[in-house]
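The structure under discussion appears below in the form of structure tokens.
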Amino acid sequence: MSVTVVVGAQWGDEGKAKVIDLLARENSVVARYQGGHNAGHTVVVGTEKYALQLIPSGVLYDHVTPVIGNGVVVDMPTLFAEIDRLESRSISCAKLTVSSQAQLIFPWHQSWDAISEGNLGDNKIGTTLKGIGPAYADKARRVGIRVGACVDLESFAEQVNERATAENIDIVHAGGDALDVERIVTEFVAYAKRLQPYIGDTVGLLHDAVDAGQDILLEGAQATFLDLDHGTYPFVTSSNPTAGGASVGSGIGPRLLDRIIGITKAYTTRVGSGPFPTETLGEIGEKLVDIGREFGTVTGRRRRTGWVDCVMLRHAGRINSLTELALTKLDVLDTFDEVKVCTGYRINGEVVHGYPDRSDVLGQVVADYITLPGWKTELRNCRSVDDLPIEARAFITAVERESGIPIRIIGVGPERDEVLDWTPASIFGGVS
Ligand code: GDP
Ligand code: IMO
Ligand code: MG
């Protein structure tokens, strides 16, 4: 039995889904533990591309039980659209189990997301406008409606009606568009009925799997630096993607977590506002966007880009107790003459100790880099360390050394098999 957590080590979109898909071959259960349909998780299998928002990325395998854990906020219209899309492509979602303790998202959450972003003007967070923050706020205020409420449709209709009516008054008062309460109640009762067969005790399910000696994957959405506590507040999401959140959001206690894999690109991206010490504007930034296809899966927004930041990775290693890193999208750097690795920060020429705990300070730092020669070779067909050019190995070794975290998996392309192991045995004698 083993429990593995996959967590984003940057600002999201690191390729978590691809690593989950890779590891899911050997696991019986894949569970999402936080976030909602703000996530966009892409798995590429041959010519087929699957873009998932709520359903765990292990769903593509028949042997996997996909679980939506208690820490997730569930948007039923999106969930059913996703199930329909997958099933129309012959991917069964019959084993999907959604925690009765997970929270539901309703249209008023999306209204509030838009109102609050509108009120912030130039200081807006740049949320996905999916209602994630307001849904988690309702959870914290203890007025949210849980998935479990769907089992009694009459009482569910009453709860939705009550909440929608109350929210409607406040939304109109705040200048938002009035909600059609009756329509929402009717639509959501129908969704609730459809959800019933999927609802279950996921904490019990996961522990039964543990007791049966099965291997479990906990799939993070978003990332360490979007974490509500540890991220670049207020430019964060409203949940805890970090490894502690995996325990809270699944019900699997911390002592059972064996492997905690941080996913990082060979560079960095961020969608939305907030500090970004290694951001590359101009030609290099454009090149990373073009080659890396850095446009959001969910919102289509252009991602901001920068060099890989080992100060952040070191910090992610501490916060998540990372046992290893997966370094993805190394192939995106194939054509660069030089590649950079951020090794430290300075303010007014003075070296900053560690990762600043304040976002305003992070916004002032200047990054220190080491610059390495590019490999100018296509990596896509590399399947072992021996296939990698010496310059690429030197880059990987630099990230490993500067982050202080062993790298185990290297991504050299979007497809399922475009990956290689970077293990102590495989690099023996291979790196100068
Ligand atoms: P996630 O949110 O962390 O699961 O990542 P996304 O799916 O939002 O974004 C990662 C993108 O990079 C997807 O389009 C993946 O297909 C793609 N990808 C993942 N790993 C690699 C890799 O090693 N090389 C390349 N070129 N693309 C990759
Ligand atoms: P995956 O799982 C990248 C960002 C938004 C915004 C901030 C808050 O695909 O890595 P929210 O809608 O969550 O309140 O927005 O968080 N964000 C993501 N950025 N990848 C994601 O998910 C993200 N989910 C949210 O762009 O800056
Ligand atoms: Mg994504």
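Quick notes
- For residue 98, distant residues with modelled amide H under 5 Å away: 68, 199, 200
- Per-pair calculated FRET efficiency, R0 = 41 Å: residue 346 and residue 45 via Cβ, rounded to 0.05: 0.40
- Residues residue 201 and residue 293, FRET efficiency given R0 of 60 Å [Cβ-Cβ distance, rounded to 0.05]: 0.90
- One chain, two ends: residue 122 and residue 169. Fully extended at 0.36 nm per residue, the span grows by 14.2 nm beyond their Cα-Cα distance.
- Ordering of 217-228, 285-296, 399-410 by burial proxy (mean other Cβ atoms within 10 Å per residue, highest first): 217-228, 399-410, 285-296
- Just checking the listed ones, 25, 255, 416: in the Gaussian network model of the chain with Cα springs under 10 Å, the one fluctuating most is 255.
- Arranged from fewest to most other beta-carbon atoms within 10 Å of their beta carbon, 201, 113, 122 become 122, 201, 113.
- Between residue 318 and residue 401, the modelled label-to-label distance comes to 2.2 nm, taking each label 7 Å out from Cα in the direction of the beta carbon.
- Phi angles across the range 187-203 convert, under the Karplus curve 6.51 cos²θ - 1.76 cosθ + 1.60 with θ = phi - 60°, into 3J(HN,Hα) values of 4, 6, 5, 5, 4, 4, 4, 5, 6, 3, x, 8, 6, x, 8, 6, 5 Hz, Gly and Pro given as x.
- Length added when fully stretched, residue 359-residue 143, from 0.36 nm per residue minus Cα-Cα: 74.7 nm
- Helix-only mean residue ellipticity at 222 nm for the chain, each DSSP H run of n ≥ 4 adding -39500 (n - 2.57), per residue, nearest 500: -10000 deg cm²/dmol
- Residue separation of residue 1 and residue 92 scaled by 0.36 nm, minus their Cα-Cα distance, works out to 30.2 nm of gained length.
- Of all DSSP beta bridges in the chain, antiparallel share, percent nearest 5: 40
- Ordered by the number of other Cβ atoms lying within 10 Å of each residue's own Cβ, fewest first, 76, 312 fall into the sequence 76, 312.
- Karplus-derived 3J(HN,Hα) values for the range 23-33, using 6.51 cos²θ - 1.76 cosθ + 1.60 with θ = phi - 60°, are 6, 5, 3, 9, 10, 8, 10, 10, 10, 7, 10 Hz; glycine and proline are entered as x.
- Inter-site label distance for residue 61 and residue 26 at 7 Å from Cα along Cβ, in nm: 1.0
- Whole-Å semi-axes of the chain's equivalent ellipsoid (Cα gyration tensor): 37, 26, 19
- The P(r) of the range 103-197 has a tail past 20 Å containing 37 percent of all C-alpha pairs.
Laboratory data are not the source of any read-out in this text; all were calculated from the coordinates shown. Only a predicted model underlies this, so the values are computations on that prediction, with no experimental measurement involved. Neighbour counts are summed over all protein chains in view; Cβ atoms, including those assigned to glycine, are modelled from backbone coordinates with ideal geometry.
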